[in-house]
Amino acid sequence: MNGATTSERIQTVIIGGGQAGLSTGYHLAKSGLPFVILDASDRIGDSWRNRWDSLRLFTPARYDGLPGMSFPAPAQEFPTKNEIADYLEEYAARFDLPVRSGVRVDRLSKLGDNYIVEAGNLTIEAENVVVALGNYQTPQVPQFASDLNSNIVQMHSNEYRNPSQLQDGGVLLVGAGNSGSEIAMELASKHEIWMSGRDTGHIPFRIEGLAGRLLGVPLVIGFVFHHLLAVSTPVGRKVRPKLLHATGLVVRVKPKDIAAAGIERVPRTVGVQDGLPVLEDGRVLQVSNVIWCTGFRRDFSWIDLPVFGEEEEPKEPLHDRGIVVNEPGLYFVGLFFLYAPSSSLLRGVGRDAKRVVKAIASRVSADLTTANKGQVPITSGVGVGIGSDHAARKL
C-alpha cells in the first residue's frame, strides 16, 4: 500500500485467508455479520501454490471440503497442492467472501474496548478479531547455515519447488519428517542423497492402499483425529500437551522406500567445517546442495496483547477452543489441536470456525441490546452475506 494512511471501522476482522479464515468468513456471512478477511498473499490459495510441485495431501478428497462446499474430486483421490489452492479460490468466489489480498498485518493491539489492526498504511478499528493462521508461519534454519560454502545451493523446504533448482552433485536433506522424506524420494533418481535426522516413525499402512482407504484413513482421520482425541475427552486432554510438541509421523513414505531408493540415513547435522556440513558422528559431507527440511515456528510477535502463556518459547496463545477469555472479542482458528488434531486440517477448521462465529454473534447481539437501550452507539461495518452483490461490498 502506498500513500496516506487509511482508517476504517469494521465489526470483525479475520487475519488470514487460508482454509481457517475462509471457513470463518463463511459462517460470519451465513450469520449476516459484517467482516473483512485480510490475507498477506497476492492470491487466495498461494500458501498452497507456493510449495513443492509434486506435493499431494495426506487426506483424500472426502475429508477436504470446507463448510458448504464439498471438494470437487472423487472421494478417495488425494488432491494436489494446486487443486487445493484453486478450490480455496473458488470457495471464496462462490460465497462472495470479502478477501483483501496482499495485505500483511504488522500489528494487532487494543485501544479502549476495540482492537486496532495495522497493515502498512491501513488501520482498522474492530470489535472482534479472528487470527486465522496456523501454528507455523516462519521457516527455521540453524544459525550455522550461513557458514556453508557459497557454491553450495541451499534452501528451506518452503523454497523448494522441483529438482531443476539444484545443481549436479549430492544433496543433504536436513530433517527426516514428511517434507524431508518426500523431497528425498523425488530427488533420489538423479542425485546421491543423504537424509539427516532421527527417524520420527511412520504410520503402519499405505494411505493409498486398500487397507488405508477402507480402514486406516477413516479410522485415523475420520474418527481418532477428529473426535476421539479432543479437548472434550479425557484421552484428548491427556495427550494434547505431548502432541503439541511432538514431531509428526511420516505418512506416505516408508523406511523400505527410503532404502530401496538408495537414500542414506545419517545422524543429525550439527555444524559446518571448512564450509561443509558436519554430522553428529563427526563426518563431513561433500555435498553440492542442502535442503533444510527443518520445519517452521510460530510467529505471533506482531500481536501486542497479553494473551500468551509463559512456559515456552515461542509462547502459545491462551484460549478456550479458540476463544480468548481474558481479551473478549479475540479469537484463534486454524491452530493445531485448537480442539482436536484435525483443527489445523481442512477437515477440522470448519467446526472450530462455527463455534468461534457463534461466540462473535452472541457478543454482537449483547452489544446491540445495550445499544438499543441508548447506552452506546452501534458499530458500523462492511455488510456481507452469502449471495450478496459483489459490487455492494467492494472495499
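Yes/no per residue for (1) touching a Gly at 6+ places or on another chain (Cβ under 9 Å); (2) touching a residue at least 24 places away in the same chain (Cβ under 8 Å); (3) at positive phi:
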site: PRO142; (1), (2), (3): yes, yes, no
site: ASP147; (1), (2), (3): yes, yes, no
site: GLU159; (1), (2), (3): no, no, no
site: GLY170; (1), (2), (3): no, yes, no
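Tallying residues that are under 12 Å from the mean Cα position of the chain (by Cα) and not in a helix (DSSP H, G or I) within the stretch 338-359 yields 1. Among the residues of the stretch 183-210, those that are more than 18 Å from LEU57 (Cα to Cα) and of a type in the set (A, V, I, L, M) comprise LEU187, ALA188, ILE193, MET195.
Taking each residue of the stretch 313-327 that is under 14 Å from PHE300 (Cα atoms) and looking for partners that are part of a loop (DSSP other than H, G, I, E, B) and at pLDDT 95 or above with beta-carbon atoms closer than 8 Å, six or more apart or interchain, yields PRO317/VAL324; LEU318/VAL324.
Evaluated against (1) closer than 30 Å to SER189 by Cβ; (2) surrounded by fewer than 16 Cβ atoms within 10 Å (Cβ to Cβ); (3) in contact (Cβ under 8 Å) with a residue 60 or more places away in the chain; (4) not assigned by TED's automatic domain parsing to the domain that holds LEU187, GLY262 falls short on exactly one condition, (4). For the residues LYS358, LYS354, LYS373, the requirement of being modelled with pLDDT of 95 or more, out of contact with any strand residue (DSSP E or B) (no Cβ under 9 Å at 6 or more places or on another chain) and surrounded by fewer than 14 Cβ atoms within 10 Å (Cβ to Cβ) singles out LYS358.
Of the candidates LEU88, LEU22, LEU38, the single residue that is among the aliphatic types (A, V, I, L, M), surrounded by 22 or more Cβ atoms within 10 Å (Cβ to Cβ) and more than 30 Å from VAL250 (Cβ to Cβ) is LEU38.
Within the stretch 1-35, being in a strand (DSSP E or B), out of contact with any Asp or Glu (no Cβ under 8 Å at 6 or more places or on another chain) and farther than 16 Å from ARG104 by Cα holds for one residue alone: PHE35.
For the stretch 186-206, the candidate set comprises residues that are of a type in the set (Gly, Ala, Ser) and in contact with a Lys or Arg (Cβ under 8 Å, 6 or more places away or on another chain); within that set, the residue that is modelled with the highest pLDDT is SER196.
Residues considered: GLY222, GLY180. Of these, the only one that is surrounded by fewer than 20 Cβ atoms within 10 Å (Cβ to Cβ), within 24 Å of THR59 (Cβ to Cβ), touching a residue at least 60 places away in the same chain (Cβ under 8 Å) and among the small types (Gly, Ala, Ser) is GLY222. Among the residues that make up the stretch 47-57, is at least one of them touching a Pro at 6+ places or on another chain (Cβ under 8 Å) and closer than 17 Å to LYS354 by Cα? Within the stretch 47-57 (the criterion being touching a Pro at 6+ places or on another chain (Cβ under 8 Å) and closer than 17 Å to LYS354 by Cα), the answer is no, since none of the residues qualifies. When restricted to residues that are in contact with a helix residue (DSSP H, G or I) (Cβ under 7 Å, 6 or more places away or on another chain) and either under 18 Å from ARG94 (Cβ atoms) or of a type outside the set (D, E, K, R) (or both), the stretch 44-59 contains 8. Here is the figure for the stretch 79-113: residues that are assigned to a strand (DSSP E or B) and touching a residue at least 24 places away in the same chain (Cβ under 8 Å) total 7. Scanning for something within 18 Å of the chain's Cα centre (by Cα), assigned by TED's automatic domain parsing to the domain that holds ARG49 and closer than 20 Å to LYS354 by Cα, does the stretch 100-117 turn up at least one residue? No; the residues of the stretch 100-117 include none that is within 18 Å of the chain's Cα centre (by Cα), assigned by TED's automatic domain parsing to the domain that holds ARG49 and closer than 20 Å to LYS354 by Cα.
Across the stretch 207-262, the qualifying residues are those that are closer than 19 Å to SER179 by Cβ and among the β-branched types (Val, Ile, Thr), and the one among them that is modelled with the lowest pLDDT is THR247. Can you find even one residue in the stretch 62-77 that is at pLDDT 95 or above and under 25 Å from SER157 (Cα atoms)? So far as the stretch 62-77 goes, yes, one or more of its residues are at pLDDT 95 or above and under 25 Å from SER157 (Cα atoms).
The values are calculated or read from the model by the stated rules, or taken from the named source; none is laboratory data. What you see is a predicted model; the values in this text were computed from it and never measured. We place every Cβ from the backbone using ideal geometry, glycine too, and count neighbours over all the protein chains shown.
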